[in-house]
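Okay, structure first, notes after.
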Amino acid sequence: AQTVTQSQPEMSVQEAETVTLSCTYDTSENNYYLFWYKQPPSRQMILVIRQEAYKQQNATENRFSVNFQKAAKSFSLKISDSQLGDTAMYFCASRNSNAGGTSYGKLTFGQGTILTVHP
Amino acid sequence: DVKVTQSSRYLVKRTGEKVFLECVQDMDHENMFWYRQDPGLGLRLIYFSYDVKMKEKGDIPEGYSVSREKKERFSLILESASTNQTSMYLCASSRRGQGPYEQYFGPGTRLTVT
């Protein structure tokens, strides 16, 4: 079974600064995917960024980037030039690339980190 | 614009009532999921469905059942609501397959059982 751990329940950052959210995971699979989702207050959860485990290059999406350390099973999210709209709960998640051949696409989520961006 | 909708944003029910939460997606996705979200616990999978009339238990299925009669609709049923089922319920859908397909989420239903 997969497990995902986010050890920072809450983080805060000043507008325009950089913040890093931590995530560690455990899996016995060799092929898997990792995701960061964002849940703004009272709004729907949306995907921020994804990483395929077989790709060594860290994924980036505009101001969002990841530091994927496969051997350490670590997948941190870096937010550069933080904006007020980045205030949200962030979830790290993982899934196997082939769930027993059926590819159900089940995600395992971490506990979440509440990020507050201060003006 | 892709969309997952849920029947209610807020719901208050009494202990012992039968509760139906409905979810509809317009993306022709094969997979649909029901999660509950509790502080400090993240999202936990209750049930999922990978096709019409097909379902699989997630991590916390006790006290819940589901129904998927049409591809676009996935219902979560609380047969006899209890206070420990007070929570935020999130529905999601995704394509089926081995790619890194994202899950699309609904706005959530905050259920209070009194």
Those residues of the stretch B:6-40 that are within 15 Å of the chain's Cα centre (by Cα), closer than 22 Å to A:LYS106 by Cβ and either not acidic (Asp, Glu) or not in a loop (DSSP other than H, G, I, E, B) (or both) come to a total of 15
Being in a strand (DSSP E or B), closer than 28 Å to A:GLU10 by Cβ and either away from chain A (no Cβ under 13 Å) or touching a helix residue (DSSP H, G or I) at 6+ places or on another chain (Cβ under 7 Å) (or both) narrows B:LEU76, B:LEU43, B:LEU111, B:LEU90 down to just B:LEU111
Looking across the stretch B:46-73 at residues that are free of Cβ contacts under 8 Å to residues at least 12 places away in the same chain and within 14 Å of chain A (Cβ to nearest Cβ), the single one that is farthest from A:ILE114 (Cα to Cα) is B:GLU56
Out of (1) touching a Pro at 6+ places or on another chain (Cβ under 9 Å); (2) in contact (Cβ under 8 Å) with a residue 40 or more places away in the chain; (3) surrounded by fewer than 12 Cβ atoms within 10 Å (Cβ to Cβ), the one B:GLN6 does not meet is (3)
Scanning the stretch B:46-70 residue by residue, those more than 16 Å from B:HIS29 (Cβ to Cβ) and either part of a strand (DSSP E or B) or open to solvent by less than 40 Å² (accessible area, probe 1.4 Å) (or both) turn out to be B:ILE46, B:LYS57, B:GLY58, B:ILE60, B:PRO61, B:TYR64, B:SER65, B:SER67
B:ASN84 fails exactly one of (1) in contact with a Ser or Thr (Cβ under 8 Å, 6 or more places away or on another chain); (2) away from every other protein chain (no Cβ under 14 Å); (3) under 30 Å from A:THR113 (Cβ atoms), namely (1)
Counting only strands (runs of 3 or more DSSP E) entirely within the stretch A:13-119, those with at least 2 residues that are open to solvent by less than 10 Å² (accessible area, probe 1.4 Å), within 13 Å of chain B (Cβ to nearest Cβ) and under 18 Å from B:GLN103 (Cα atoms) are A:32-39, A:46-52, A:88-96
Residue hits (the stretch A:2-12; open to solvent by 80 Å² or more (accessible area, probe 1.4 Å) and either in a loop (DSSP other than H, G, I, E, B) or of a type in the set (Gly, Ala, Ser) (or both)) are A:SER7, A:PRO9
Scanning the stretch B:18-35 for residues that are closer than 14 Å to B:LEU76 by Cα and more than 11 Å from chain A (Cβ to nearest Cβ), the one surrounded by the most Cβ atoms within 10 Å (Cβ to Cβ) turns out to be B:CYS23
Across (1) in contact with a Ser or Thr (Cβ under 8 Å, 6 or more places away or on another chain); (2) at pLDDT 95 or above; (3) open to solvent by 80 Å² or more (accessible area, probe 1.4 Å), B:ARG73 clears everything bar (1)
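The values are calculated or read from the model by the stated rules, or taken from the named source; none is laboratory data. Not measured: the values here are computed from a predicted model. Cβ: placed from backbone, ideal geometry, glycine included. Neighbour counts: every protein chain shown. When the accessible area is computed, the model is the full protein with side chains, heavy atoms only, and any ligands, DNA or RNA have been set aside. Shrake-Rupley method; radii C 1.70, N 1.55, O 1.52, S 1.80 Å.
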